[in-house]
Amino acid sequence: MGHLMYSTSAGDIAVDRAALHAVETPQPLGSFHFPVDFGFFVDQVEHSLDTHGLSIVAEEHAITKDRQSFFSVIEVDAKEGVLTAAGDWRMLVGLRGSHNQRTPREIVVGNKMLVCSNLCFSADLGRFSTRQTINIWDRLPELINIAVRKIPAAANVQTLRIERYKDFGLKPAAGDALLTDMVRHDALAPSAIKRALKEWDDPSYAVHAAEGRTAWRLLNAVTEAQKPTGTTYNMHQIADRTATATRLLDVATDFALAA
């Protein structure tokens, strides 16, 4: 998968779900400290997915060096048929939590996701959170169900968006103008415009050029141009710029009307 970001140099450890279950859950210290087993949290998400006709395709988990926090990214699909028919993207569920109250129990849902052990935690379709207090067992199942119930409708909207982008042709000059507008709205860094133009004119991946010059090709050009090229980068900024680029393309393609 490769969606989960963690730092081995900081002592973060990639683990499987069995290892999550093996992490010791401390006893509650009071009404404002009521930790939940890491593995159990993932199990509950899987149970909710199952009851909503979804299944886990792949999963990634990591724990911090002190074994006090965990982070997960799960790829999901429909148990019957397919959730993301185009195959151009994946529906993801991100999870995190801690035993030392560093973070609450949280879930994010989307196809654009940032889950990292440095506490970056976001997605484009929803974020749900609850504090780990004495009543967490009453709140956690419904929190999970609310997040999971969003997935099919969100997947449908994204499928329609991509179909719209692929069907929306752009002349070379129109694409150039959109890329300039993305710099103006901070969806693309000025330093990345040359790389974006190169990807717009001559994509690095043949699949991005399959439908010719379209809004889909332009979005992929922007995404490629945004990829970090050095050792220092701001993942929050990249996520925000990707979201802005999508909003601008929604307007350019009249996607809100089409959907």
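The values are calculated or read from the model by the stated rules, or taken from the named source; none is laboratory data. Since this is a predicted model, take the numbers as computed values, not measurements. Ideal geometry is used to build each Cβ from the backbone, glycine not excepted, and the neighbour counts take in all protein chains shown.
Is it true that residue 12 is within 25 Å of residue 112 (Cα to Cα), among the acidic types (Asp, Glu) and in contact (Cβ under 8 Å) with a residue 60 or more places away in the chain? Yes; evaluated as a whole, the condition is true for this residue. Would you confirm whether or not region 194-211 contains a residue that is in a loop (DSSP other than H, G, I, E, B) and surrounded by 14 or more Cβ atoms within 10 Å (Cβ to Cβ)? Yes, that holds for at least one residue. For region 163-188, filtered to residues that are without any contact (Cβ under 8 Å) to a residue 60 or more places away in the chain, on the phi < 0 side of the Ramachandran plot and not in a helix (DSSP H, G or I), the residue that is surrounded by the fewest Cβ atoms within 10 Å (Cβ to Cβ) is 171. On the basis of being within 16 Å of residue 105 (Cβ to Cβ), among the aliphatic types (A, V, I, L, M) and assigned by TED's automatic domain parsing to the domain that holds residue 91, does residue 54 make the cut? Judged against the criteria, residue 54 is not a match. Return yes when residue 48 is surrounded by 14 or more Cβ atoms within 10 Å (Cβ to Cβ), among the small types (Gly, Ala, Ser) and assigned to a strand (DSSP E or B) and no when it is not. No; evaluated as a whole, the condition is false for this residue. Between 96, 102, the distinction of being exposed (fewer than 15 other Cβ atoms within 10 Å of the Cβ) and more than 27 Å from residue 200 (Cα to Cα) belongs to 102 only.
Scanning region 18-38 for residues that are farther than 19 Å from residue 108 by Cβ and either in a loop (DSSP other than H, G, I, E, B) or under 21 Å from the mean Cα position of the chain (by Cα) (or both) yields 23, 24, 25, 26, 27, 28, 29, 31, 32, 34, 35, 37. So, in region 117-133, how many residues would count as being over 22 Å from residue 238 (Cβ atoms) and either hydrophobic (A, V, I, L, M, F, W, C) or touching a strand residue (DSSP E or B) at 6+ places or on another chain (Cβ under 7 Å) (or both)? Total meeting the criteria: 4.
So, restricting to strands (runs of 3 or more DSSP E) that lie completely within region 76-155, which ones have at least 1 residues that are at pLDDT 85 or above?
Values: elements: 91-98, 105-110, 113-116, 121-123, 126-130.
Those strands (runs of 3 or more DSSP E) span 91-98, 105-110, 113-116, 126-130.
Set side by side, the residues 9, 31 differ, and just one is out of contact with any His (no Cβ under 6 Å at 6 or more places or on another chain), more than 18 Å from residue 66 (Cβ to Cβ) and surrounded by fewer than 16 Cβ atoms within 10 Å (Cβ to Cβ), which is 31.
Scanning region 173-213 for residues that are more than 24 Å from the chain's Cα centre (by Cα) and within 18 Å of residue 251 (Cα to Cα) returns 173, 174, 175, 176, 177, 178, 180, 181, 184, 213.
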